[in-house]
Amino acid sequence: MESVPVSASEDPTALSARSRFRAAAILAIAADALQIVLFPLLAEGAVSPADDLLDLLVGAGLVHLLGWHWEFLPTFLAELVPGVDLVPFWTLAVLNVYRKWKQIAPEENARLHSALPGTQDSFSPKSH
């Protein structure tokens with residue numbers, strides 16, 4: 001039997017942007033909650049292997065879900081400082097990326113819509 005390549009638009013496992021943000025937010029909230037609840041075990045900051053592994057996995061997961069964003073670098077570095085795990089930096093980083101995406105998405109949709117032939121006047125009032 002011959003395998004047929006599946007394009008990204010036909011891939012049933014492809015996630016929409018909203019689904020990726022939802023998954024990223026759940027990942028970030030879970031990681032921050034874990035670091036706050038287990039603070040006595042992970043209090044060493046940069047010298048805690050469990051904390052470092054958690055931060056590395058969360059950072060990799062967020063980059064996989066949302067792509068590279070500069071917010072992730074200072075978040076990762078701040079997570080290495082002892083005691084800073086009490087601040088939900090991963091959640092704040094994801095929320096900031098989402099806020100920027102919400103500002104860009106309408107502009108991008110308008111730009112794409114105006115680039116389509118025959119759609120420039122589709123929303124303008126008709127003159128009689």
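Mind counting the residues in segment 31-52 that are at pLDDT 90 or above, aliphatic (A, V, I, L, M) and surrounded by 14 or more Cβ atoms within 10 Å (Cβ to Cβ)?
Selection size over segment 31-52: 1.
Anything in segment 53-86 that is over 27 Å from Ala14 (Cβ atoms), surrounded by fewer than 17 Cβ atoms within 10 Å (Cβ to Cβ) and in contact (Cβ under 8 Å) with a residue 24 or more places away in the chain? List them, or say none.
Across segment 53-86, the qualifying residues are Leu80, Val81, Pro82, Gly83, Val84, Leu86.
Select from segment 70-86 the residues that are over 18 Å from the mean Cα position of the chain (by Cα) and in a loop (DSSP other than H, G, I, E, B) and write down the one among them that is nearest to Ala60 (Cα to Cα).
Here the residue is Leu80.
Using the structure shown, decide if Gly59 is at positive phi and either modelled with pLDDT of 90 or more or touching a Cys at 6+ places or on another chain (Cβ under 6 Å) (or both). Give the steps one after another, and end with the answer.
On the way: at positive phi: no; either modelled with pLDDT of 90 or more or touching a Cys at 6+ places or on another chain (Cβ under 6 Å) (or both): yes.
No.
The values are calculated or read from the model by the stated rules, or taken from the named source; none is laboratory data. These numbers were taken from a predicted model, which means no experiment stands behind them. Methodologically, a virtual Cβ is constructed for each residue, glycine included, from the backbone with ideal geometry; neighbour enumeration extends over all protein chains shown.
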